[in-house]
Amino acid sequence: MNLHEKLKYISSYTSKLLRNKFGRGPESCFAATAAHFLVLQIRGFISPMEEVLLQEKHSIQVDFARTVVMKNVMAELKGVIQVSFDVEVKSFYHDWNFPNNTGVIIASLNSPLNQMEKSETFDFALLEAEVSRISCLVEKTPEEIFSFQISSKLFIVKREGILVPIEKALIEAGFRRELHFTKDELEKKYLHRHGRFDQVFKQEVSDIFVDWDFDEDNSLICFILK
């Protein structure tokens, strides 16, 4: 199989895997890859039970339940990606936008599957500066920041060295889940309300996803354009 066929296969496999684990599969699942990332864009993936919980403002419970099941999903997906693409998966990131009924699963790979798209007209430094500005408002300026274009509509920004001492203390004290949910809610609010990303991309941003690897002290922000 060529790369395009492998991406179609992993999209189909992920849809079936989510259906098996959650009892309902997504309406669509699309895979894209560039640089050291394999990104799965997911649409239409809220179960009837989750819908009721979200209507009753129990988003924390939905988020927690998904995180527990997703650990199992990603463990299985890791092996399939490694065998299909002959590449090592270093880590996974995932996030969901319940109002938009969308989500992403991102695999960080040890080597690229194809070259990163790099628009000559897009200002990557401006994107990194804006992410750094928002990060500073919420926690601190990242020690390092890198940006990647996965496709014409999909960008990833990786931040390294973002945890402040009190966050590290909370993680050590066993409050990882509470910290993750709080950071997710707070950062997204700032990224959407205070970020100038429509001006940075010169087009409307439809989704912003964020996830963290607390053990490695890094974070991925995924921007999806309309």
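Side notes on the structure shown:
- Flagged links, alpha-carbon separation over 28 Å, of 21/168; 8/78; 21/202: 21/168; 21/202
- Shape call, the stretch 76-133: gyration tensor on alpha carbons, a/c limit 1.5: oblate
- Cross-link partners of residue 90 among aspartates and glutamates (Cα-Cα below 16 Å; sequence separation of 8 or more within a chain): 76, 160, 211, 213, 215, 216, 217
- Local net charge near residue 209, Cβ-Cβ under 10 Å (Lys/Arg +1, Asp/Glu -1): -3
- Solvent-accessible surface of the stretch 125-226, averaged per residue with a 1.4 angstrom probe and all protein chains in place: 48 square angstrom.
- In the chain, the portion of solvent-accessible area held by carbon and sulfur atoms comes to 52 percent [1.4 Å probe, whole percent, DNA, RNA and ligands not counted].
- Once the C-beta distance of residue 110 and residue 52 is scaled by a Förster radius of 41 Å, the resulting FRET efficiency is 0.50 to the nearest 0.05.
- Averaging the Cα positions of each part gives two centres, and for the stretch 176-218 and the stretch 70-148 these lie 12 Å apart.
- The chain: C-alpha gyration tensor shape, a/c 1.5 cut-off, then a/b vs b/c: rounded
- Sequence-separation-based contact order of the chain, relative, with Cα cut under 8 Å and 6+ spacing, percent: 17 percent
- Between residue 166 and residue 125, the simple spin-label model (points 7 angstrom out along Cα→Cβ) gives 3.5 nm.
The values are calculated or read from the model by the stated rules, or taken from the named source; none is laboratory data. Note that the structure is predicted; figures quoted are calculated from it, not measured. Every residue, glycine among them, receives a Cβ derived from its backbone with ideal geometry; neighbour counts consider all protein chains shown. These area figures cover heavy atoms from the full protein model, side chains too; ligands, DNA and RNA do not enter into them. Shrake-Rupley method; radii C 1.70, N 1.55, O 1.52, S 1.80 Å.
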